[in-house]
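The values are calculated or read from the model by the stated rules, or taken from the named source; none is laboratory data. On a predicted model such as this, the values are computed, not experimentally measured, just so you know. Using ideal geometry, Cβ is built from the backbone for each residue, glycine included, and neighbour counts are taken over all protein chains shown. Each accessible area value is taken on the protein alone, full model and side chains, heavy atoms only, with ligands, DNA and RNA left out. Shrake-Rupley method; radii C 1.70, N 1.55, O 1.52, S 1.80 Å.
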Protein chains: 2
Amino acid sequence: MLPLGSRTEAVQVARVELAALTPEPVVYLGRLGYLTLVLFENLGRAVMATPTTEGKSELTRAAGEMGDAHEAVVNELRALGHDPVAAMEPYRLELDDFQRRTQGADWHEILVTCYLTQGFLTDFSAGLAGGLPRDLRVRVAEILARVTVGEAVLVELLRAGVETSPRLASRLAMWGRRLVGDTMLVAREALEIDGVMPGEERIEPVFTELVASHTRRMDALGLTA
Amino acid sequence: MLPLGSRTEAVQVARVELAALTPEPVVYLGRLGYLTLVLFENLGRAVMATPTTEGKSELTRAAGEMGDAHEAVVNELRALGHDPVAAMEPYRLELDDFQRRTQGADWHEILVTCYLTQGFLTDFSAGLAGGLPRDLRVRVAEILARVTVGEAVLVELLRAGVETSPRLASRLAMWGRRLVGDTMLVAREALEIDGVMPGEERIEPVFTELVASHTRRMDALGLTA
């Protein structure tokens, strides 16, 4: 499993760099709200594709946490006086498109999608939360912890497959490389404010850290990044 | 929306009749555990098929509650010293088959499936819980309340469709009739103990009540049962 230290480290670096790029709370929460919908659907698809009762049961619990995380984001938006649906709507087309491009063709690909995209986007979102008002930032950290509850079971199910089939391992390694590209793109889009993207010199160090963290996740699966 | 009174009433009658048929806790919880997996997957499918952010968001929250309900059943099994997976496994083939037969061909059919099957099987399960040890019975009632959290949004989304299209209404009415047959069958299977089914004279009054409650759910959708 991914050692907890790796996440913390990447998040620390990313937080410093990203804190100055944090958008307004309604923008941050609106995007996170729709993102948790997409990540929930991916986990739902993983539950359906899983052939064992044990795997289904563990992923259902993880999906339950994701549903709770979504509800918590909706409640934060309401508490700030925003209509949650109106706040999420602007990110719908972009994130639906991300989901379509990354959904995976079979059970193992779906699991890889869940693990790598929720991991990368949680690291990114944790960093980007750095400039939120303090109280909200603390609650967002709790929400993001729920988003990744399924990591352990995803790694366990994937390792079982990867260890017994080198052919599957090589196919999933390719899938992981494809996913990181699409995931970086959708993270970059979140940095654009009023149609303006911050300079590359500000973005690059952040993504270097996030990709290092992605590589550790690939390692945890026994795959070459 | 289905008035709360209707459920309570059906459950009261069903509880009296079913209390004597309550199986061992491990059997009751094992079946309920796998059932919540199936109902979770159905809600997950509903989230995916829903075209609006608002509908997706509300159904995701309902699915989150279903995931939590599943987790609570798993925890009850563990607290009783049982392996949750081994306890759920005996009901897998039967409930997977039920799911396949009832999954629905499009968005509206999926919503009808969620609403009618979770409603019927929650009424049934509440009745069948009547003979469980008191403390467990109280906690099971809390779990079952979470299973049906999505009712209001399912009814709302379905009514919007039914009210604007008589053709859709007549197709969904047919679908509802087909569903109640499959749902009754899967409930009946839960009454079989060691391969022996209780006499029809004991089962019939229960199902008369449960079907009356089903009819009220069809009414709530504006459909003819």
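Here the helices (runs of 4 or more DSSP H) wholly within segment B:1-108 that include at least 1 residues being in contact with an Asp or Glu (Cβ under 6 Å, 6 or more places away or on another chain) and at pLDDT 95 or above are B:25-49, B:53-79, B:84-88, B:92-101.
Quick one: would you say B:Asp106 is more than 10 Å from chain A (Cβ to nearest Cβ) and surrounded by fewer than 14 Cβ atoms within 10 Å (Cβ to Cβ)? Taking the combined requirement at face value, the residue satisfies it. Quick check: anything in segment A:184-196 over 20 Å from the mean Cα position of the chain (by Cα), part of a helix (DSSP H, G or I) and of a type in the set (D, E, K, R)? No, segment A:184-196 contains no residue that is over 20 Å from the mean Cα position of the chain (by Cα), part of a helix (DSSP H, G or I) and of a type in the set (D, E, K, R).
To keep it simple, each residue is scored yes or no on (1) in a loop (DSSP other than H, G, I, E, B); (2) without any contact (Cβ under 8 Å) to a residue 12 or more places away in the chain; (3) farther than 19 Å from B:Arg45 by Cα.
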| residue | (1), (2), (3) |
| --- | --- |
| B:Ala126 | no, no, yes |
| B:Val140 | no, no, yes |
| B:Val149 | yes, no, no |
| B:Val153 | no, no, no |
| B:Leu158 | no, no, no |
| B:Leu172 | no, no, no |
| B:Gly181 | no, yes, yes |
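Of the residues in segment B:121-133, at least one is β-branched (Val, Ile, Thr) and either in contact with a Pro (Cβ under 7 Å, 6 or more places away or on another chain) or under 17 Å from B:Leu39 (Cβ atoms) (or both). Looking at A:Leu121, is it open to solvent by less than 20 Å² (accessible area, probe 1.4 Å), more than 10 Å from every other protein chain (Cβ to nearest Cβ), modelled with pLDDT of 95 or more and farther than 22 Å from A:Arg178 by Cβ? It is false that A:Leu121 is open to solvent by less than 20 Å² (accessible area, probe 1.4 Å), more than 10 Å from every other protein chain (Cβ to nearest Cβ), modelled with pLDDT of 95 or more and farther than 22 Å from A:Arg178 by Cβ.
When we screen A:Glu209, A:Glu163, A:Glu156, A:Glu200 for residues that are surrounded by 15 or more Cβ atoms within 10 Å (Cβ to Cβ) and out of contact with any His (no Cβ under 9 Å at 6 or more places or on another chain), the only hit is A:Glu209. Suppose we filter segment A:128-138 for residues that are surrounded by fewer than 22 Cβ atoms within 10 Å (Cβ to Cβ) and assigned to a helix (DSSP H, G or I); how many remain? Here the count works out to 7.
When segment B:50-61 is limited to residues that are closer than 23 Å to B:Leu144 by Cβ and more than 8 Å from chain A (Cβ to nearest Cβ), the one that is most open to solvent (accessible area, probe 1.4 Å) turns out to be B:Glu58. If you filter segment A:34-49 down to residues that are in contact (Cβ under 8 Å) with a residue 40 or more places away in the chain and facing another protein chain (nearest Cβ under 9 Å), you find that the one that is most open to solvent (accessible area, probe 1.4 Å) is A:Arg45. Just one of the listed residues (B:Glu65, B:Glu89) is of a type in the set (Asp, Glu), within 8 Å of chain A (Cβ to nearest Cβ) and surrounded by fewer than 17 Cβ atoms within 10 Å (Cβ to Cβ), and it is B:Glu89.
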